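**Student:** Mind looking over this structure? Questions follow.
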Amino acid sequence: MKVMAARGVLAAFNDAGVLEAADVHVALRLGRLVGEKDEAVLLAAALTVRAVRLGSVCVDLHRLREVNVEDLDVGSLPWPFFSEVVAALRVSPLVVGDALHPLRLVDTDEGPLLYLDRYFRQEETIRRALDARSGYVPAYDASLLAAGLPSAFPGAAPDRQRVAAALAVSRWTSVITGGPGTGKTHTIARIISLLQAQDPFVRVALAAPTGKAAARLQEEVGAQGLDLRAMTVHRLLGWLPGSSSRFRHDATNRLPYDVVVVDECSMVSLTMMARLMEAVRPDARLVLVGDADQLASIDAGAVLADLVARPGGGVVDPALAQVVRRDLEAADDPAEARLSPREVAGLGNGVVRLSRGRRFGGAIASLAVAIRNGDADLAMELLTSGVDEVSFHAPDDLWGLQQDVVRSSLAMTSAAAVGDEAGALAALGEHRLLCAHREGPYGVTEWDRRARDWVQAATGERLDPWTWYAGQPLLVAANDYDAKVYNGDTGVVIASGDGLVAVFPRAGEPIRLHPSRLAAVQTVYAMTIHRSQGSQYRRVSVVLPGGPSALLTRELLYTAVTRARERVRVIGTAESVRAGVERQVLRASGLRRKVVKTSKAP
């Protein structure tokens, strides 16, 4: 949208589509508040608002010109010189002086960053909490830990899970990352058992960013013999009506737990992580778990990835090093035979990466590693190698996809029609069609319609997505705590003695509900890759955009591929695969940098 009040540089960037109306309006409003008219400063302010809107925490001023707008030569825009922008910011009333200071200029060891003040304060909260918590080692019985590790993780071979568990016991803050199937939840359960051995009365909180992730965490930990309730991070902190960023538990009212474990941390935003760090007691262990290579939060920040990438600065407790001496050379998989020097340094910050895949292996694991490493040549080589686990298909080569959609749907319908709950749920997890977009020719709306048409043609029956029918696949679109179903849950409608019932899989007993009790649910034959996070399917088909797409990134493609246990089918062009592998989400932040000087003391 064009902003009529914009002039000069702001108008040029707005007309080109680099800046949205909101970016320009905020910059103009801030300028009017303090009398700032310098175009370089106002442009930097607008680009900082844009950066937060797109997921970054700040703007790296050295990379100010690296904006991604399709079909636009951004080099043709009237960019100010780097030195001009920095010099103007250093004297701007938006940054210094006695007036309002909505911007924060921060010098780091890698160059200057520009923040909206709120986000710098949140980042500083996390940085200070981590630094304070790393300053000393919690009391623990090293001999008791050494005795418990072999039974918690049987096997003579070195194992990074033992390293992760030992770090969690011996540090106030630990970060455990790894791809799907690397045993993160198993490690969580074993950590809790080891801590209970240290203190039988230890108070443990389990949390995750979404209701779906919290339910999965509770089920999986419960399946390993631990009777603990998991909740969303919002519920853990105590949500206050009327506020999206302030909670009952904060720096003045700490959480009453001795251990706080947060799963799926890749989806935790900067704001939520700052609130969590404030609320956790300094003498409570904090264990952050997730896949740093997956899609990040939809809000600003990629905190888990930042924490994993922070330069190693801490020191591994000598007693711990002795306990897991052999495991520090763990050979987890062929791609990463042993801990790299960077990973060994990361242990000093309490960071360990699990890499031995226990859910899938072979070509799928190799493809995931190639995507994660940005190796487009290897990714294409694997996709076109002819192995059964992965395959690549042109946009018009849809026979195999159609067969998978129809076969799994018919199996689901057949089981659902006779009330075979287990069979219907098993068929639900057989195959999933994933798309990067919601709309357009390569989006969920179009491919959901195509898949439904294929099933209708095979069965001869009309499938109305607005009425209930046996074999109908469902996707929950909002949390319903009373019904115990959560945003992103998938289920199926089956016939029963009392009519139709919607069934949702759980580790123990499935959730059974009359369809009329579902307040926000839709029929799903295709879903976005974002929605699929935290789920696993036997086979996955991924439809890639036909042309350039800012949504198609390395993280999105990695997330899609790692949803599959046995087979991945990628439908698109070689250009789209390469574009996805090579386009990494670069969310600017200062958490992985050393701050040298700020424009204003916090």
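**Student:** Using only the Cα atoms of region 168-243, what do you get for the radius of gyration and for Dmax, in Å?
**Tutor:** Considering region 168-243 through its Cα atoms, Rg and Dmax are 13.4, 41 Å.
**Student:** Just the ratio, please: alpha-carbon radius of gyration of region 107-195 over 2.2 N^0.38 Å, N its number of residues.
**Tutor:** 1.44
**Student:** Per residue, how much accessible surface does the chain expose to a 1.4 Å probe? Answer in Å², no decimals.
**Tutor:** It amounts to 42 Å² per residue over the chain.
**Student:** Using the alpha-carbon centroid of each, what span in Å lies between region 523-595 and region 276-290?
**Tutor:** Answer, in whole Å: 30.
**Student:** Tell me, rounded to the nearest percent, the portion of alpha carbon pairs in region 435-480 spaced more than 11 Å apart.
**Tutor:** 73 percent
**Student:** Would you mind getting me the FRET efficiency between Glu430 and Arg281? Use the beta-carbon distance for r and R0 = 56 Å, nearest 0.05.
**Tutor:** 0.80
**Student:** Provide the FRET efficiency to the nearest 0.05 for the Ala574-Arg118 pair, computing r from the beta carbons and using R0 = 35 Å.
**Tutor:** With a Förster radius of 35 Å, E is 0.25.
**Student:** Still on this structure, I have one more. What Kirkwood hydrodynamic radius do you get for region 24-139 when you take the inverse of the mean 1/r over all pairs of distinct Cα atoms, in Å?
**Tutor:** 15.4 Å
**Student:** Once you put a point 7 Å from the Cα of Ser83 and another 7 Å from the Cα of Arg203, both along the Cβ direction, what distance in nm separates them?
**Tutor:** Placing both labels 7 Å beyond Cα along the Cβ direction yields 5.9 nm.
**Student:** A further question follows. Projected onto the charge dipole of the chain (+1 at Lys/Arg Cβ, -1 at Asp/Glu Cβ, origin at the Cα centre), which of Gly547, Gly225, Thr559 gives the Cα projection farthest towards the positive end?
**Tutor:** Comparing the listed Cα positions along the dipole, Gly225 ranks first.
**Student:** Subtract the Cα-Cα distance of Lys37 and Trp239 from 0.36 nm times their separation in residues, and report this length gain in nm to one decimal.
**Tutor:** Computed gain between Lys37 and Trp239 is 68.7 nm.
**Student:** OK, next. Between Arg128 and Ala223, what length in nm is gained on full extension when 0.36 nm per residue of separation is reduced by their alpha carbon distance?
**Tutor:** Extra length from Arg128 to Ala223 when fully extended: 30.6 nm.
**Student:** I've got another one for you. Between the alpha-carbon centers of region 184-224 and region 437-495, tell me the distance in whole angstrom.
**Tutor:** 32 Å
**Student:** For Ala457, put the label point 7 Å out on the Cα→Cβ axis and report which residues of region 407-426 keep their amide N under 19 Å from it.
**Tutor:** Within reach of a label on Ala457: 407-411.
**Student:** Another question about this same structure. Run the simple label-point estimate for Asp109 and Ser76 please: 7 Å along Cα→C-beta, distance reported in nm.
**Tutor:** Label-label distance for Asp109 and Ser76, simple model: 4.2 nm.
**Student:** If you only keep lysine pairs separated by 8 or more in sequence, or across chains, how many in the chain come under 26 Å at the Cα atoms?
**Tutor:** Lysine pair count for the chain: 6.
**Student:** On the accessible surface of the chain, probed at 1.4 Å, how many percent belong to carbon and sulfur atoms?
**Tutor:** Result for the chain: 53 percent of the exposed heavy-atom area is carbon or sulfur.
**Student:** When 1/r is averaged over all different Cα pairs and the result inverted, which Kirkwood radius in Å belongs to region 399-494?
**Tutor:** 14.1 Å
**Student:** Hey, another quick one. Just to verify a number: FRET efficiency for Lys484 and Val595, C-beta to C-beta distance, R0 = 60 Å, to 0.05?
**Tutor:** Rounded to the nearest 0.05, the efficiency is 0.85.
**Student:** Starting from the alpha-carbon convex hull of region 441-570, give the projected area averaged over all orientations, in nm².
**Tutor:** Hull-based average projected area comes out at 9.4 nm².
**Student:** Further question: At 0.36 nm per residue, minus the direct Cα-Cα distance, what do Ser151 and Leu54 gain on full extension? Give it in nm, one decimal, please.
**Tutor:** 30.3 nm
**Student:** Related question: Using alpha-carbon positions, what is the distance between the centroids of region 10-38 and region 411-428, in Å?
**Tutor:** 56 Å
**Student:** Now a separate question. What translational D, rounded to a whole number of µm²/s, comes out for the chain from Stokes-Einstein when the hydrodynamic radius is the Kirkwood one over Cα pairs, at 25 °C and 0.890 mPa s?
**Tutor:** In µm²/s, the coefficient is 95.
**Student:** Please list, in order, the residues from region 450-490 whose amide nitrogen is less than 14 Å from a point placed 7 Å along the Cα→Cβ vector of Glu509.
**Tutor:** 484
The values are calculated or read from the model by the stated rules, or taken from the named source; none is laboratory data. Because the structure is a prediction, the values reported are computed rather than measured. All Cβ positions, even for glycine, are placed from backbone atoms using ideal geometry, and neighbour counts span all protein chains on display. Quick note on the areas: whole protein, heavy atoms, side chains included, nothing else; ligands and nucleic acids left out. Shrake-Rupley method; radii C 1.70, N 1.55, O 1.52, S 1.80 Å.
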